[in-house]
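Colleague: My questions all concern the structure below.
Every number in this text was worked out from the coordinates using simple rules, so none of it is lab data. From a predicted model like this one, the values you see are computed outputs, not experimental measurements. Cβ placement follows ideal geometry from the backbone for every residue including glycine, while neighbour counts extend to all protein chains displayed.
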Amino acid sequence: MERTLVILKPGTLQRGLVGEVISRFEKRGLKLVAMKMKQLDQPILDEHYAHLKDKPFFQWLCDGMMAAPVILCCWEGFEAVRVVRAMAGSTNARNAAPGTIRGDYSLSAQENIVHTSDSVENAKIELDRFFSPEDYCDYPSPLNASLYAPDEK
Ligand code: IDP
Ligand code: MG
């Protein structure tokens, strides 16, 4: 099964939307395998958003990500990276379709509720950035037979 990183951004915590957003992933059938609350700092954001360091909004983005703690989650499921990314919706929340997380809870290109990994390769790198092996919990998933067919992967 794939694993992907979701970061509930500071605004999500400050607006009291943590439960709502986590509930979406739970209801979809994804499995929560690691979760923690953390105050991010500039060095880890320089690494996490390295692909955006030349953008004019880079420091505003980092400041927003340091305004309050974030909730880091690892969700597991078949094709979880693609599924979770689709649930988040377009980066600019004003373009995000209703029914997506960004499209239902935000109106900004920057303050857009969640970070989601954009590829299987980046999910592995990002999960290693924020979680250690001992952060992951292994537990039975008795509903798997109701969530997936035997030949799905
Ligand atoms: P993503 O979060 O949808 O993967 P990225 O291009 O990786 O989008 O950008 C990371 C984050 O940078 C976005 O989630 C958003 O918070 C911020 N961002 C991206 N583009 C803009 C922009 O044009 N203006 C302001 N903030 C932006
Ligand atoms: Mg991205």
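Colleague: Work out, step by step, the length gained on full extension between SER108 and GLN14: first 0.36 nm times the residue separation, then minus their alpha carbon distance; give nm to one decimal.
Modeller: 32.3 nm
Colleague: Using the structure shown, list the pairs from LYS55/LYS153; LYS55/LYS124; LYS31/LYS53; LYS36/LYS153; LYS27/LYS53 with a Cα-Cα distance above 31 Å, or answer none.
Modeller: Where the Cα-Cα span goes over 31 Å, the pairs concerned are LYS55/LYS153; LYS31/LYS53; LYS27/LYS53.
Colleague: Still on this model: Just going by the charge dipole of the range 68-153, with Lys and Arg at +1 and Asp and Glu at -1 on Cβ, which of ASN92, PRO133, ALA80 is farthest out on the positive end?
Modeller: The residue sitting most towards the positive pole is ASN92.
Colleague: Percent antiparallel among DSSP beta bridges with both residues in the chain, to the nearest 5?
Modeller: Bridges in the chain are about 95 percent antiparallel.
Colleague: Pulled fully out, how much extra length does the chain show between LYS36 and MET1, if you take 0.36 nm times their separation in residues and subtract their Cα-Cα distance?
Modeller: 10.5 nm
Colleague: Another question, if that's okay. With a Förster radius of 30 Å, plug the Cβ-Cβ distance of ALA67 and GLU152 into 1/(1 + (r/R0)^6) and report the FRET value to the nearest 0.05.
Modeller: Taking R0 as 30 Å, the efficiency between ALA67 and GLU152 is 0.15.
Colleague: Bins of 5 Å, beginning at zero and ending with the bin holding the largest distance: percent of Cα pairs per bin for the chain, please.
Modeller: Bin by bin from 0 Å, the calculated values are 2, 9, 18, 22, 22, 15, 7, 3, 1, 0.
Colleague: Still on this structure, please answer the following. With a cut-off of 13 Å, note down the residues of the range 36-70 whose backbone N falls inside the zone around a label point 7 Å from the Cα of THR91 toward its beta carbon.
Modeller: Answer for this model: 49-58, 61.
Colleague: Between the helical axis of 18-28 and the dominant principal axis of the chain, each derived from Cα atoms, what acute angle in degrees is found, rounded to the nearest 10?
Modeller: Rounded to the nearest ten degrees, it is 30.
Colleague: As a check on your grasp of the helix formula, calculate [θ] at 222 nm for the chain: sum -39500 (n - 2.57) over DSSP H runs of n ≥ 4, divide by the residue count, round to the nearest 500.
Modeller: -10000 deg cm²/dmol
Colleague: What net charge is computed for the residues neighbouring PHE58, neighbours being all others with C-beta under 14 Å from the C-beta of PHE58, Lys and Arg scored +1, Asp and Glu -1?
Modeller: Local net charge: -2.
Colleague: Specify the angular offset, from 0 to 90 degrees and rounded to the nearest 10, of the alpha carbon long axis of helix 120-130 from the longest principal axis of the alpha carbons in the chain.
Modeller: Tilt relative to the chain: about 70 degrees.
Colleague: Would you calculate the separation in nanometres between label points at SER119 and GLU47, each defined as 7 Å from the Cα along the Cα-to-beta-carbon direction?
Modeller: The answer from the label model is 2.0 nm.
Colleague: Just to be sure I understand: with springs between alpha-carbon atoms less than 10 Å apart, which residue in LEU107, LEU13, LEU52 has the highest mean-square fluctuation in the Gaussian network model of the chain?
Modeller: LEU52
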